[in-house]
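Below is one structure, written out as structure tokens; comments come after it.
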Amino acid sequence: MNTEMAISATAISKFYQDKKALDNLSFEIMKGSLFGFIGPDGAGKTSLFRILNSLLIPDEGKANILGFDTVKDYRQIRRIIGYMPGKFSLYQDLTVEENLKFFAGIFNSTISKNYHLIEDIYNHIEPFKNRKAGQLSGGMKQKLALSCALIHKPEVLILDEPTTGVDAVSRGEFWEMLQKLKSQNITILVSTPYMDEASLCDEVALMQEGKIMQRATPEKIIEAFEQTLWSVQSDNMFKLLSHLNDLPEIKLAYRSGDHICFIPEMLTFEEKKLLDHLEKIGHQSLHIRQIEPTIEDSFIFHMQSQN
């Protein structure tokens, strides 16, 4: 990976009336990396991305992209970045091809000039090039938006929750495309509420309430999870969660898919004692086992610790 810096932020804060959307954020991102900001809605990801895109001015602090200040040098910034906002924002009454020609023309470029950048992506939607953008499926809209963001050959690509609302197959295809773009030395910044996508990034920052709780490679985040994690199921999952949270020996319990994860207060956890107690208060078909943590488990634990 390139060791030169692509993006830097220093003590960025943003307020909306009395709400602090971003709280003193500082970070650096290297050229050629695929960096993810992971967090729920309201964590501050979109506000941060709009500042980096020169669409929003921070109330405190500053940011640079490839040496350009996002406030003072906004014209230069907009030439070197490609931006894909969370909401589909292309012209819905224009066809696929017309949208692509329009965005290429804004940057005095053409589709043919940079076609190699979008070829793998555009191949999926080229059969529908005469269809209006508003009539495309969610996955097709996503591919068109990415093509339009790339058509002027940006050095930095900023994608705000690009896979929200699309099916699992389209999500997988999209991340394969990002890996190919990364191999062309494009710096990619992506935000997502999906924790499973974090493992596909070179490095991630876990965000909550405008702050970065943790930043590292996906592997390092999981390695840093020093708690013992257990999974349990019963015939009454709703009551099981409540009962676990009532126990003093349980530090944290939360629903995860078809089971409940919990972290004991002590490392020397007595599995049989818990099972006996749960059976005594009416739970049946109990299954309990120790499991390996994921990035989502790390995020939930950090969020709970912060609260």
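The values are calculated or read from the model by the stated rules, or taken from the named source; none is laboratory data. If you're wondering where the values come from, they're calculated on a predicted model, not measured in any experiment. Here Cβ is always computed from backbone atoms with ideal geometry, including for glycine, and neighbour counts include all displayed protein chains. These area figures cover heavy atoms from the full protein model, side chains too; ligands, DNA and RNA do not enter into them. Shrake-Rupley method; radii C 1.70, N 1.55, O 1.52, S 1.80 Å.
In whole Hz, what ³J(HN,Hα) sequence does the stretch 128-142 give by Karplus (6.51, -1.76, 1.60; θ = phi - 60°), x for Gly and Pro?
Karplus-based 3J(HN,Hα) across the stretch 128-142 equals 10, 5, 9, 8, 5, 4, x, 9, 7, 6, x, x, 5, 4, 4 Hz.
Could you please state how large a percent of the accessible area of the chain is carbon and sulfur, counting protein chains only and using a 1.4 Å probe?
Values: 7400 of 15440 Å².
Percent of accessible area from carbon and sulfur atoms in the chain: 48.
If packing is taken as the mean number of other Cβ atoms within 10 Å per residue, what is the order of 49-61, 18-30, highest first? Could you put the intermediate results ahead of the total?
Values: 49-61: 18.8, 18-30: 16.2.
Highest-to-lowest ranking by the protection proxy: 49-61, 18-30.
So how do 284-296, 205-217 stack up, highest first, on mean other-Cβ count within 10 Å?
On the way: 284-296: 13.8, 205-217: 19.5.
Ranked from most to least packed, the peptides come out as 205-217, 284-296.
Given contacts defined as C-alpha pairs under 8 Å and at least six residues apart, what's the relative contact order of the chain, whole-number percent?
Working: 555 pairs, mean separation 59.1, N = 307.
Relative contact order comes out at 19 percent.
Using θ = phi - 60° and the Karplus relation 6.51 cos²θ - 1.76 cosθ + 1.60, list the HN-Hα couplings for the stretch 145-150 in order, rounded to whole Hz, with x at every Gly or Pro.
Per-residue couplings from phi come out as 4, 5, 4, 5, 6, 9 Hz.
Around Glu98, what is the net charge, scoring Lys/Arg as +1 and Asp/Glu as -1 over all other residues with Cβ under 15 Å from its Cβ? Write out the running numbers ahead of the final one.
Values: positive: Lys101, Lys129, Arg131, Lys132, Lys141; negative: Asp93, Glu97, Glu126.
Once positives and negatives cancel, what remains is +2.
What is the packing order of peptides 102-114, 265-277, 151-163, taking the mean over residues of other C-beta atoms within 10 Å and listing the highest first?
Most protected by this proxy first, the peptides run 151-163, 102-114, 265-277.
Compute the angle between helix 115-125 and the longest alpha-carbon principal axis of the chain, please, reported from 0 to 90 degrees and rounded to the nearest 10.
Here the helix axis deviates by roughly 60 degrees.
In degrees between 0 and 90, to the nearest 10, how far off the longest principal axis of the chain does helix 295-306 point, with axes built from Cα atoms?
With rounding to tens, the tilt is 70 degrees.
Once amide H atoms are placed 1.01 Å from N in the peptide plane, what residues at a sequence separation of 5 or more from Glu203, or on another chain, have their amide H within under 5 Å of its amide H?
The list, which skips near neighbours in sequence, is Leu34, Gly36.
Consider all pairwise Cα distances in the stretch 87-236 and report the whole-number % of them above 26 Å.
On the way: 3929 of 11175 pairs.
In whole percent, the long-distance tail amounts to 35.
Taking K and R as +1 and D and E as -1, what net charge do the other residues with C-beta under 12 Å from the C-beta of Ser231 add up to? Numbers along the way, then the final one.
Working: positive: Arg255, Arg289; negative: Asp258, Glu271, Glu292, Asp297.
Here the count lands on -2.
When a/c is below 1.5 the answer is rounded, else prolate if a/b is larger than b/c, else oblate, so apply that to the stretch 157-218 with a ≥ b ≥ c taken from the square roots of the Cα gyration tensor eigenvalues. Can you show the working numbers first?
Numbers: a/c = 1.88, a/b = 1.28, b/c = 1.47.
The shape class here is oblate.
Any idea of the accessible area per residue across the chain, 1.4 Å probe, to the nearest Å²?
Details: 15440 Å² over 307 residues.
I get 50 Å² per residue for the chain.
Please turn the phi angles of the stretch 49-64 into ³J(HN,Hα) values with the Karplus equation 6.51 cos²θ - 1.76 cosθ + 1.60 (θ = phi - 60°), one per residue in order, whole Hz, x for glycine and proline.
Karplus values, whole Hz, x for Gly and Pro: 5, 5, 5, 5, 8, 6, 8, 9, 9, x, 6, 9, x, 8, 9, 10.
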